[in-house]
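Report on the structure given below.
Quick note: the coordinates plus some simple rules give every number you see, no bench work behind them. Quick caveat, the model's predicted, so the values are computed rather than measured. Every residue, glycine as well, gets a Cβ built from its backbone with ideal geometry; the counts of neighbours run over all protein chains shown.
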Amino acid sequence: MELRDASRAIRKLNWTLQRELGVDFIPSNDFSFYDHVLDTTVMLGAIPSRFRYAGGPMDLDTYFAMARGAEAVKAMEMTKWFDTNYHHLVPELEADQQFRLASTKAVDEFVEARELGITTRPVLLGPVSFLRLSKARTPGLEPLSLLDRILPVYALVLGRLAAAGAASVQIDEPVLTLDLDRTAAAGYVHAYETLASAAGRISICLATYFGPLQENLDLALKLPVACVHLDLVRGPEQLRDALARVPGDKSLSLGVVNGRNVWRSRLLDVLPCLEEALQILGPDRLILAPSCSLLHCPVDLKAEPDLPEEVRDRLAFALQKLEELSVLKAALTLGREAVRPAIDGNEALFERIARSADIHNPQGQARMEGLSPAMFARKSPFKDRLGRHTGLLAPAVDGPELAMGDLFRGWIGPKCVGKLQDDD
């Protein structure tokens, strides 16, 4: 009970802060006790058999056993969330996998926010990305072949959200930034035709991030969704093509503030392209956003009062990034002069950064400029270098083969460690 009470307090605080900062589309279902891929696995009832799930709502004991293991039960595998330092649990799927709604978390948190007087946009991990992130427990099984089995669960969730009063939903499909074969591309078309039909009056925002869409841009723009989100931090070059190709009935959400780092954005670097987008799309079809979820950032810079001022001035945590978006929004809707002090202050900061001796080291820059291609070329072939290294580091052994254990002991022997300590 204490854990659930604490989670409700955190959600309330986060929703309230976003409303105060003027966020138009406040997300829900983005809070997790562990990670959002596990939450989607639970929503779909895709529980590996070793956890002895008997159906019905998922309990927290089973949830945490999947994440961390339990007595005589191995936890699910963990891997990196694309190329970030965030990790997620890997769904495990079998050929006879059955899916059912085992968690109403997405609906429950939407209702929870609405009871606080806050209308949110629920966030779901998309069906194609979910399957592409899964691993098959059955040899030869292609997880994407299970698409038709999971779509009814997604449709059920969308129906319940519509009944609860949701006007829009965000569906994340980061796999769209990767290379897709024809099967995956066809899977997207089929999936979103099904979801659009199930959503009814709910508008769908399709969110992509961690890279440009490249050859998948046309596919994303042709799907039956109301809005497509683009990561313009990792793929700024895609904006021009998107503006030229976006259908007249779709909006673009432009991710112009970096959701993956802790640094300030230079506002004048992004404002011109946003002004151009506004001229083409108009105010009703343009949405400003971080490049991706802000879960990769600390929450608030105010919690770090002891940082040196020069460092602190350069930082922007999640709340500060939302403030940057608020300034950009005001510049577009009211004109640059309405936020001139904020823009000038931001520009002065980056001018100080350009002159900072703590950041720019002349000796280091001179050494970098002195680099030549020859410095990166090996003077001897790999097989010759390998022989010298193994002869230096490994103990002598009889016979033509060297045991791996002997080689490792050679690497961490007293001479090698002592040498490293001397250099250090």
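Before moving on, here are some points about what is shown:
- Part-to-part distance (alpha-carbon centres) for segment 184-229 and segment 129-159, which is given in Å: 16
- For the chain, the relative contact order comes to 10 percent (Cα pairs under 8 Å, sequence separation of at least 6).
- For segment 265-280, the Karplus equation 6.51 cos²θ - 1.76 cosθ + 1.60, evaluated at θ = phi - 60°, returns couplings of 8, 8, 4, 6, 6, 10, 4, x, 5, 5, 5, 5, 4, 5, 5, 7 Hz by residue, with Gly and Pro reported as x.
- Exposure proxy shown here: for K80, K321, K329, the number of other Cβ atoms within 10 Å sets the order, fewest to most, as K80, K329, K321.
- Footprinting exposure proxy ranking of E369, E109, fewest other C-beta atoms within 10 angstrom first, gives E369, E109.
- Counting every other Cβ atom within 10 Å of each residue's Cβ, D30, D241, D24 order from fewest to most as D24, D241, D30.
- DSSP beta bridge pairing in the chain, given as percent antiparallel to the nearest 5: 15
- Cα shape, the chain, gyration tensor, a/c 1.5 rule: oblate
- Compared with the rule-of-thumb size 2.2 N^0.38 Å for a compact globular protein, segment 272-383 has a Cα radius of gyration ratio of 1.57.
- Expected 222 nm ellipticity per residue - DSSP helices of 4 or more, -39500 (n - 2.57), all of the chain, to 500: -14000 deg cm²/dmol
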